[in-house]
1. Would you check which residues across the range 271-280 are modelled with pLDDT of 85 or more and either surrounded by 15 or more Cβ atoms within 10 Å (Cβ to Cβ) or of a type in the set (S, T, N, Q) (or both) and list them?
2. Any chance you could count how many residues in the range 330-342 are crowded, with 24+ Cβ neighbours inside 10 Å and under 24 Å from residue 416 (Cα atoms)?
3. Being out of contact with any Gly (no Cβ under 8 Å at 6 or more places or on another chain) and among the charged types (D, E, K, R) is the filter here; which residues of the range 99-144 pass it?
4. Residue 324 versus (1) of a type in the set (A, V, I, L, M, F, W, C); (2) under 23 Å from residue 446 (Cα atoms); (3) part of a helix (DSSP H, G or I): which is the lone unmet condition?
5. Given (1) loosely packed, with under 13 Cβ neighbours inside 10 Å; (2) of a type outside the set (S, T, N, Q); (3) without any contact (Cβ under 8 Å) to a residue 60 or more places away in the chain, where does residue 209 come up short, assuming only one miss?
6. Taking residue 291 as meeting all but one of (1) touching a residue at least 24 places away in the same chain (Cβ under 8 Å); (2) under 23 Å from the mean Cα position of the chain (by Cα); (3) crowded, with 17+ Cβ neighbours inside 10 Å, write down the number of the exception.
7. Show the residue pairs that are 6+ apart or on different chains and have beta-carbon atoms under 7 Å apart, the first residue being within the range 461-486 and in contact (Cβ under 8 Å) with a residue 24 or more places away in the chain and closer than 20 Å to residue 389 by Cβ, the second being in a helix (DSSP H, G or I) and β-branched (Val, Ile, Thr).
8. Sort out which residues of the range 56-72 are part of a helix (DSSP H, G or I), free of Cβ contacts under 8 Å to residues at least 60 places away in the same chain and either in contact with a Cys (Cβ under 8 Å, 6 or more places away or on another chain) or crowded, with 18+ Cβ neighbours inside 10 Å (or both), and write them in order of number.
Amino acid sequence: MSSTRVPAAQATPAVPDQRLAHDAGGTGVRRGLLPVVLTATFMYALDFFIVNVAIPSMQRGLGASSGAIQWIMVGYSLALAAGLISAGRLGDIHGRRRMFALGLGLFTSASAACGLAPDIDLLVAARVAQGLAAALMAPQVLAIIRTAYQGAAQARAIALYAVTMGLGGVCGQLVGGLLIKADVFGSDWRSCFLINIPVGLAALAMVRRSLPESRAPRRPRLDNAGMALISTALVALLLPLIQGRQAGWPLWTWLTMAASVVLLVVFAAHQRRLAARGGFPLVPPELFRGRAFALGSVTQVLFAAGQGSFFLILALYLQLGRGLDPLTSGLVFTVLALGYFASSLRSDVVAARLGRQAVTLGAVGMALGLGLLWEGARLAGDAPGTARVLWLIPGLVVDGVGMGLVLGPLTGASLSRVANHLVGAASGVITTLQQLGGAVGVAVVGLVFYGSLGGGYAHAFEAGVLVLAVMELGLAGLTQLLPRER
């Protein structure tokens, strides 16, 4: 067998867009590109989780009800998910660098508004604005990487993107705990948002110098009807998934989810009709004719479902079951982050050798890590105490290593065969499916976790990780259907 085979994550390298800018030296990639886009990626990923630690302080400081405080999370999630697909297409039309810079500037401004909000209503409004701004940035990052890099350099850049996304998730609780404990100038929870201002401004100052501009060669028109349909459908699907369990799954949740299915069917029909007439659909149907993207989309949902729900039940188990404070709980998450960081940095090398089996190896590793966590939770029991958490460390390390081997190669494989003129739309779909998967996972695994609380937090955690282990084995099986490396 030839040693020069190209893995799925690197197959059919992107031909640079005719409008792609090059640096003065003619290398095609400007110095500073990755630091700028990955800084923005870390910011919006971190803001998903950092507020978990700050919620008790927010509630005390603003005198808000638990229902109102929940919208600090819900508003961000809904706005982000609803805007991603449309934002990806806006990048194709108006330029990915331009949309990225606009999103980064708005995100920084919205972060300032969150940090300075005098009451809960203004804080929720600022969080919605922050989510919309993050939606404008997120798909541009993958599109810029996909068009600026080729071959092994592209796989390496996607691996670093995966490192950044994962660290933003697993480090959110630790960073939030450190900021609140530091209480700089008496800022308390507000520092979780205000920290974005200097970071965002520094990244924004480097955008024009560091990022090339690119857009679809044949400039498409924006599908306004499609934007309205998909945004409404996603909100109708995600809102009951996010709030349904806590509300006791009332009738409106089921009706809203049913309506979302109808809207998604209407959206799909509209996209097909528009494509048949030679128009510019928001999500071109041709995207899903390729097996790599179609199956990659399904696996992205399954992977995200496992990660979103795992972070939730681990945080609940550590703080409510083991009695850890947020900062100590964040330090436990760091163990997971170390395993993730170590493997994701080398995931492109593993993918170059194993192709799609790199994802399979990572998924099986995650299932093994979750099995070790199940045994660790059983040995630790329900008695409070930090020392008993040591039983969890082997499982956290193995799970983190497996996680790091999945995200980068899976994202690369999903986008590897997408044509350049569709890369913005494809990036929007992928990032949307990641948000959707996270919400579905929290709803499904949350039902198992909360339904098992009668036996104690350790028992509920054990039940949750068993479900997650089965999901990861399913992910390993699905990856066998991805196209073989060429």
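1. Matches in the range 271-280: 271, 274, 275.
2. 1
3. Those that are out of contact with any Gly (no Cβ under 8 Å at 6 or more places or on another chain) and among the charged types (D, E, K, R): 119, 121.
4. Checking residue 324 against (1) of a type in the set (A, V, I, L, M, F, W, C); (2) under 23 Å from residue 446 (Cα atoms); (3) part of a helix (DSSP H, G or I), the one that fails is (3).
5. With (1) loosely packed, with under 13 Cβ neighbours inside 10 Å; (2) of a type outside the set (S, T, N, Q); (3) without any contact (Cβ under 8 Å) to a residue 60 or more places away in the chain applied to residue 209, the lone miss is (3).
6. (3)
7. Cβ pairs passing all conditions: 461/313; 464/313; 464/445; 464/448; 468/445.
8. Listed by number, the residues that qualify are 69, 71, 72.
The values are calculated or read from the model by the stated rules, or taken from the named source; none is laboratory data. Keep in mind it's a predicted model, so treat the numbers as computed, not measured. Every residue, glycine among them, receives a Cβ derived from its backbone with ideal geometry; neighbour counts consider all protein chains shown.
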